[in-house]
C-alpha cells in the first residue's frame, strides 16, 4: 500500500484564489530550512515586516504574518479586540461578513448587523444609522473586497464614520491587498488582515496582519484573557515583536515565509501603484471580452473589483459542467458561486501574477469555445478580439 | 529601499526542530499550486489521510493535518473537547504540559495538575491518585515526548488509567511521531496532535491530528459552541471529512501539504519500525560519543527520547557562546534549554532525515573541537571514535 509522490497537474488558476504562483516564489519555498531563531532568519523576519508595511501602505509597528490562513487572521483580529459583552457592528454583503459575525459571537461579543445585498458595496449611510442607533459600539468590522461576490467597499469612508463614533475598525483585505488601492494608515484602518494566495500570488497558508497603536493599546488593556493561546498577540509578539531577544512562541512556518518574502520583494520591484494599474488594465480587457460575448457582470461598475470578476451564468447553462470542461480541456480553474450565488455566477480571478494578458486571452478563448460548443446563448468568436482592442486602447 | 531575495545559509539542524528537511520534500513544496477543491487535490487529501493513519498507527476516520503549526493542533484538541467547567487533568513535566494548562483555562475548563520534575517521565501513580481524588474529571492530557526536556512518558499506561476512570485522553506527540514507537489505536489515545518539523523532517507549519470515534462523539454532543471558528472540527470536517461534495472552510495550505504528503510517502517507503530503529541506533552512537567526552545526559536512561538528547552543559561553559561558534564555524544548530533548563542543557536533535551517521559525527566532532578549544573539562579526541564503535556493534 505504498503511495507514490504527488505530481499535481499544471493549472491556470483564475478562481477566487489560490491564484497562479510566480515560479520565483515556488523556488524560494524550496530553499534550505533553517531554525526559527537562527540570526539569519531573524534578519529575514525584520525585512518581512518592512515589506509588509509597504504592501499595506502603513507605518504600523505591529505588522507581521499570522502563521495560518486568512481565516485565522480574521480570528486573530476578533479574539484580540473583542471581549465578552462588547458590541461590534458587522457589515455583511457576502460570505465573509457572515464569518465575521460568527467570530464576534464566539468571542462572547454582541454583533449588530448592517446588511447589504450580496454583490453590492457596503452602504455608508446604513453604517452611519447603526452607529447612531448604537452609541455603545466598540468596533466596526467590514470586508474591503468581498471575495464571494467581487464587490469593493469604500473602506476610507466607512473607517471615517467609525472613528467619528469612537470605534476601532477591523477590515478584511484578503482579496484587495496588492490588487486594489489600499492605504491602511491614510484611511485609519486599525486591525487589518489579509491572505497570501490572492493578489500577492503566493501559496496559501499565511495571513498578513497589521494593527494600529490604538488597536495594540486595546489588546494590552483587556480585562479578560484572549481566549486563543495560539492567536494571543501578547504572546505572539514575544517572537515577532523584534528586539534582540526573541522568545519561542510557536515554530514559524519557515519555508512558507520564504515564499511570502519573495512575493513581497516582487511586489516592491514592480511598485504597488503599477500592480494596481496592471490589475485594472487586465480587468478592463477581460470585461471587454466578457461583454462582447454578451455575458454580464453581477456587480455594478463602480463597485467592481478588478481582480475578481463575477459573471452571471446564462440561463440554462450547467455551471458545474462548464467548469469541469474548462479544467479538463484547458487546465483552467475558474470559481463557482458561494451560498446564494452558487450556480448563478462564475468568479473569474485575475490576481497577482495571474493578472496578465495570457490568462485573459486563455480564459476568454476557452469560455467562448466551451459555451459555443454547448449552444449557450452567447456571441461566439469575438471575445478575444475585444480584449485585444482594450489592451491597444490602454 | 528594494530588498532582495532571501537566500538562507545551509545549516545542519540538530536542535529541537525544525530538523533537516529531506530535499525530496523541499522539491515537492515547489510543485505547481492547484486549487483546494481541484479533483486532483482532493485525491491527494484522501491519500494524505491514509498515510497519516499509518504514521499514527491508527484506523481513526478523523485523521488529517491542521493548517497551522503544532500549537494550533494542541489548541484544536482543547477547544473541541473542553467545555466551560470541565475538569481536565494535565500532567506537566516540561514546557508543553504548561501550555496545555493554559489551553484548558482559556477554554473555561478547570485544570487539575499532576506535576513531575522536568526531565522525568510522567509518574503513572500520581495520575492514578489524581483520578481517584477527582472522580468528575472528563479528560486526561499529557505529553508523550517532552520536547523541552527529552523525556518520554509511558503513553499506553497513562491512557489505560484514564480510560479506567472514564476519561478521554489528549496526547501531544509532536516530537514522538515517526521517531519513537507510537500506536494510537492500540494504546487508546483519543485526541492526538503532532508537528511536521520533527521526526517527519518536513518544514514547520502543519499539525497532524487524529481523533477517536469517542472523541468525535464528544465534539458532536457539545452543549456550547466551539470558541474558535478556525479550529472548530464540526466546520473543518466539511472540507477534510471526505465525500464527493466538499465545502470550503478555509483555503488549505496547498504547497505545505505537498511537502507533508512527500514526507509521509518517504516514511512509508522506509517502514515505520525501521524509522524507529534508525532513531534508536543513531541515538546510541551519539550517546557513546557524548559519554566518551565525559558529558552526561539529563534524563534517566529508561526515560530518554532517542530523537532529542538533553546534555548537561559542563560547569563554567558559556552556553550561548558555544552554540554561536557551532553555528558560525560549522553551520550546525543545536538547541538551548527552555525555562528552568535555560543555560543548563543543550538539546541535540536527531530527528527524521537528520537522524543519520553524518550528523552524529559532525555534531560530536564540532562539539569536541569547540569545547576543547575553550578549555572545557572534557575528554577530547575520543567522541567520534566511540560513536563509530557503537555503529559497528549495532
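Between helix B:70-81 and chain B, what is the angle of the helix's C-alpha long axis to the longest principal axis, kept within 0 to 90° and rounded to the nearest 10? Its long axis makes an angle of about 30 degrees. Of the residues A:298, B:192, the one with the fewest other Cβ atoms within 10 Å heads the list, and the complete ranking is A:298, B:192. Each other copy places its own label point for residue A:339 at 4.4 nm from this one, sorted shortest first, where the point lies 7 Å along the Cα-to-beta carbon line.
Among beta bridges identified by DSSP and lying wholly in chain B, the antiparallel ones come to about 50 percent.
Only helices enter the 222 nm calculation for chain B: every DSSP H run of n ≥ 4 contributes -39,500 (n - 2.57), and dividing by all residues gives -13000 deg cm²/dmol, rounded to 500.
Taking the C-alpha atoms only, the angle from helix A:319-330 to the longest principal axis of chain A is near 80 degrees.
With the contact rule set at Cα under 8 Å and sequence spacing of 6 or more, what percent relative contact order holds for chain B?
The normalised contact order for chain B reaches 23 percent.
Under 17 Å from a point 7 Å along the Cα-to-Cβ line of residue A:61: which residues of region A:196-227 have their amide N that close? Zone members listed by number: A:210-222. Using only Cα coordinates, the Kirkwood hydrodynamic radius of region B:116-243 works out to 15.8 Å. When a/c reaches 1.5 or more, the comparison of a/b and b/c decides; with that in mind, is region A:295-386 rounded, prolate or oblate per its Cα gyration tensor? Verdict is rounded for region A:295-386. Against chain A, whose longest principal axis is taken from its Cα atoms, helix A:272-292 shows a tilt of about 30°. Residues of region B:6-34 with an amide N closer than 17 Å to a point placed 7 Å from the Cα of residue B:358 along the Cα-to-Cβ direction: B:9-15, B:19-27.
Spatially, region A:326-374 and region A:16-89 are offset by 29 Å when compared through their Cα centroids.
Indicate, rounded to the nearest 5 percent, the antiparallel portion of the DSSP beta bridges found entirely in the protein assembly as shown.
Numbers: 38 of 79 bridges.
If I count the DSSP bridges inside the protein assembly as shown, around 50 percent turn out antiparallel.
Distances, shortest first, from the label point of residue B:213 to those at the same position in the other copies read 6.0 nm; the point lies 7 Å along Cα to C-beta.
Within the listed set A:371, A:131, A:209, the residue fluctuating most in the Gaussian network model of chain A (springs between alpha-carbon atoms under 10 angstrom) is A:371. Cα gyration tensor of region B:9-108, axes a ≥ b ≥ c as square roots of the eigenvalues: rounded (a/c below 1.5), prolate (a/b > b/c) or oblate? It comes out oblate by the Cα gyration axes. Between B:139, B:81, B:295, the residue with the greatest mean-square fluctuation in the GNM of chain B (Cα pairs under 10 Å linked by springs) is B:295. With springs only between Cα atoms under 10 Å, which of A:51, A:235, A:364 fluctuates most in a Gaussian network model of chain A? Of the options given, A:235 has the highest mean-square fluctuation. Label sites at residue B:220 and residue B:125, each approximated as a point 7 angstrom past Cα along Cα to Cβ, lie 4.2 nm apart. Position residue B:163: other-copy label points at 6.0 nm, ordered by increasing distance, label point 7 Å along Cα→C-beta. Distance between the C-alpha centres of region B:176-240 and region A:226-303: 29 Å, rounded to the whole angstrom. Measuring from a point 7 Å past the Cα of residue B:329 along Cα-to-C-beta, which residues in region B:355-380 have an amide N at less than 19 Å? So the set is B:359-380. I need the shape label for the protein assembly as shown. Rule: rounded when a/c is under 1.5, else prolate if a/b > b/c, else oblate, with a, b, c from the alpha carbon gyration tensor. In terms of gyration-tensor shape, prolate.
Each value in this text was obtained by applying a stated rule to the coordinates, not by laboratory testing. Just so it is clear, the model here is predicted, and its values are computed rather than measured. Cβ: placed from backbone, ideal geometry, glycine included. Neighbour counts: every protein chain shown.
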